[in-house]
1. As a test question: what accessible area, to the nearest 10 Å², does residue 699 have when a 1.4 Å probe is rolled over all protein chains in place?
2. Dipole of the chain (Lys/Arg Cβ +1, Asp/Glu Cβ -1, origin at the Cα centre): which of 298, 839, 48 lies farthest to the positive side?
3. Report the relative contact order of region 1-102, percent, no decimals, based on alpha-carbon pairs under 8 angstrom and at least 6 residues apart.
4. Along the charge dipole of the chain, which of 556, 639, 287 sits closest to the positive end, that is, farthest toward it, with unit charges on the beta carbon of Lys, Arg, Asp and Glu (+1, +1, -1, -1)?
5. Express the carbon and sulfur contribution to the solvent-accessible surface of the chain as a percent, rounded to the nearest whole number, probe 1.4 angstrom.
6. Which value, in debye to the nearest 20, gives the size of the charge dipole of region 422-540 about its Cα centre, when Lys and Arg are +1 and Asp and Glu are -1 at the Cβ?
7. Report, in degrees rounded to the nearest 10, the 0 to 90 angle that the Cα long axis of helix 688-704 makes with the longest principal axis of the chain.
8. Which chymotrypsin sites (Phe, Trp or Tyr not before Pro) in region 496-555 pass both tests, a DSSP loop state and at most 16 other beta-carbon atoms within 10 Å?
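The values are calculated or read from the model by the stated rules, or taken from the named source; none is laboratory data. Just so it is clear, the model here is predicted, and its values are computed rather than measured. Neighbour counts run over all protein chains shown; Cβ positions are idealised from the backbone, glycine included. Heads up: the accessible areas ignore ligands, DNA and RNA and are worked out on the full protein's heavy atoms, side chains in. Shrake-Rupley method; radii C 1.70, N 1.55, O 1.52, S 1.80 Å.
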Amino acid sequence: MTEPFTAYRLRCEHLAVVPGLNTTAPRFSWALAGSGEGRIQTSYRLVLATSQAKALAGIGDIWDSGLVASPAQSLVPYSGRRLLENRRLHWSVQVGDEQGRLSAWAQPADIFTGLPSDQWGGDWIARYFVLPTGREVPQNTDYDNRFQARPADYLRRDFSLSTPVRQATLYVTALGVYEAYLNGQRIGDAVLAPGWTDYHQRVEYQSYDVTDLLVGGANCLGAILGEGWYCGRVGHNQRRAGNHYGGRPALNAQLMITHQDGTTTSITTGQQWQTSQGPICYSDMLVGELYDARLERPGWNLSGHDTTGWQPVESFLPAPRPPVLEASRCEPVREVARLPMREIAQLEDGTRIFDSGQNLAGYAELSVTARSGDSFTMHHAEMLAADGSLYRENLRFAVAEDIFIAAGRGIETFKPHFTFHGFRYLGLRGPVEADVTLTAIAIQTDSETTGGLETGNEMVNQLVSNIFWSQRGNFLSVPTDCPQRDERLGWSADAQVFWRTAGYVMDVSGFYAKWMEDIADAQLPDGAFTDIAPSRPLNPYRLTAQPGAPGWGDGPIIMGWAHYLRYGDRDLLATHYQRFVRWMDHIEAANPNLLRLNAVYNNYGDWLSIGPATDRAVVATAYWAHIADLMSRIARVLNNPADVDRYGDLFARLRQRFAAEFVAADGAIRGDTQTAYLLALDFGLLEIKRREAAMIHLKRTIAAAGGHLQTGFLGVKHLCPVLADNGDTTGAFDLLLNQTYPSWGFSIAQGATTIWERWDGWTPQHGFQARAMNSFNHYAYGSVGEWLFARIAGIDWDEADPGFATIRMRPLFDRRIGFSRAHYQSSRGRIQTDWSFEGNTVRFSATIPPNSRALIELPVAPHRLQYETVTDITASATGCQIACGAGLYHFTFELDGGQLGPA
Ligand code: BGC
């Protein structure tokens, strides 16, 4: 006897809590749990209610979908009456199973309907650039610093409430970064909000239910503003280090109060606000923070504070135009882990070195008892130099220095507000006798961790951990290349090669929905996608953003397709389709003869490869063919037959051109590099007989490199998949398990806790690579993660039935791995696989969530497979294929010597 299903993990527009709706038809998704085989959802009923209790009771006083006979459980659109703004609503779902039994109502989730841009009644407010006559500029040199970073602005407004409050929501955002306070309480736990967008076009806001923080009578709303991405230092262009979007940070907030008697009050930003400065003498992403606790202003965010010396704010219209205000599309950045730091050495100059044991992005919290005026300087580094000091040369112009000046008030605890550093180690300078406690705090866009994988091989486990931590350290409002040096930009190739991996590790659906908007905002008038998004000019001599190189500008199409396959989100493709078309047109117009030689811009090629460089025309043309192929598939999904043909035809012609231009009679591809063969094979650019030849060449190039990879950012993703897909599974495992240079294992053998930017970031022979570009936290080479999850664990999507509605399970076995235990929380439910060796015997088990199906392929003939409950099993070229529905299945079989992998 099975139980009815449980519907859980409710998501609206990909989020557990939506801070506001940017659409009139928000989409709802839920996951299903429940034991038993072949189980399906036959119906659902969605309710949207004004209270949690009503939602839980199935009372949809805003909307009740009624019982809908449907298996749909992902991105089901709202179809009730137009939702009013500024509501906090609650939704739940009930589902029917194959016997028609209804589940209990799911634990409700919240929806803030939000505030459309035109409903924001307040002003953008900021400190004056030049104070009005009669006002004094503070004559205070505490704020002077060699970086010209500005002190944080403190803003406050008193207001009074005479009627009891029923409900209150604060909508708030900034040009810059903010912390908001109500009656002295910090609102929410977001860090670096509102995140990074192209502030000239769009800024995201957050919504907080603050009902419980309001009091009758006098209240105070406050905020601290930092420069952030808006006007602080971002990127590596020293000529344009800061002020990318404007010259000073600004706040926009609207507190919407509904009283018990039904009346409303709205507290907005405007002339009632005052501003001053406080203990944050500066706080800049690249520079760090100087915090002087002696300058604290106790009670500044409480009503009745003595505001002598506070200045009026300036209300102004941001240039070049006020940005559109939209609700956040992804989770906020939050503090996600705390790691105690251990003192490991004291240097001759008195610096005390601390180690968190993990390279990460974030900051350290310092707890200390000190005298007033005692100063503690913290420098951050990813690595130690040979003499045990911090290795900081790879930070380039990033100062990564936090300074705390104590007030002498017993135990004081400090952590910076508007900065972050990429670090594992910290060097502390300060009074030597001080007793300090240091804790490293990791921050990231707080997407749910969805995947886990453990094997019987320690090195592989460390690789999984390094991938996780590099994603964690770089998925910070936008997917950055690295978190430590003066760069931290949303590079599109790094992201596109890693995207499929990223989606296993965390739920990146909201994160991509948001970043795709940034990418769209950055697209140039001629259709070119850019190298980075949000896009700021990198080249000091260009006034517009850098157009995308092959593999870089192609990223949005590749990631959009991956987003569709993983989440079944067809709407994102529809929304951005014309942008994809414009990029395709842009390439095509510049390259009428079908070789991608023009409009290749910075043409980075197979960036940071080792050994012979791959011909850039080969890379560029292969990528063009690939995105033409994807465009034709996307057009099919969008029911656009003309474009299916148009791009299908372009793909066919590019394949021909590629073969004619680059592939010799013996199948050798121009340049004869691993990446050339990998791209040609994985992008389907070769005829069958040429594929075999290409595989032979590929294996030869690996053998010639002593069994090593030589690929850069673009090639690396394809190594293990291509070898395994083309009959050389052992070769794929060989590369994975290699520990000699260059390999993933090499960096791990050197103690890496994140993925390095370069294969040779540090070697025993040469020490550190060039300081100009040597990050130890760059996820691109971690793109092997998709193969670990999709193939070793066997948890893969199926293009014909996306969103993991059908799961393709083609696990790969190798006794050097010993076992694999993996799970992936898909948006439909939890998928799990498990395999292990006992001699030559393999046991494989798979959990398929309700309402999903699996196609399992195992390398053994049907008659040699032991199993219990499956019925649909057929022989296939490589062994057998099993089709099954939801359930938990166990298989046992023997592998022959050749299939086991080396001993
Ligand atoms: C970044 C990359 C990026 C590359 C472009 C580097 O500075 O760190 O990861 O993709 O430039 O070549």
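1. The accessible area comes out at roughly 90 Å².
2. Working it through, the farthest residue towards the positive pole turns out to be 48.
3. 34
4. Positive-most Cα among the choices belongs to 639.
5. Here it works out to 50 percent.
6. 160
7. 70
8. 541
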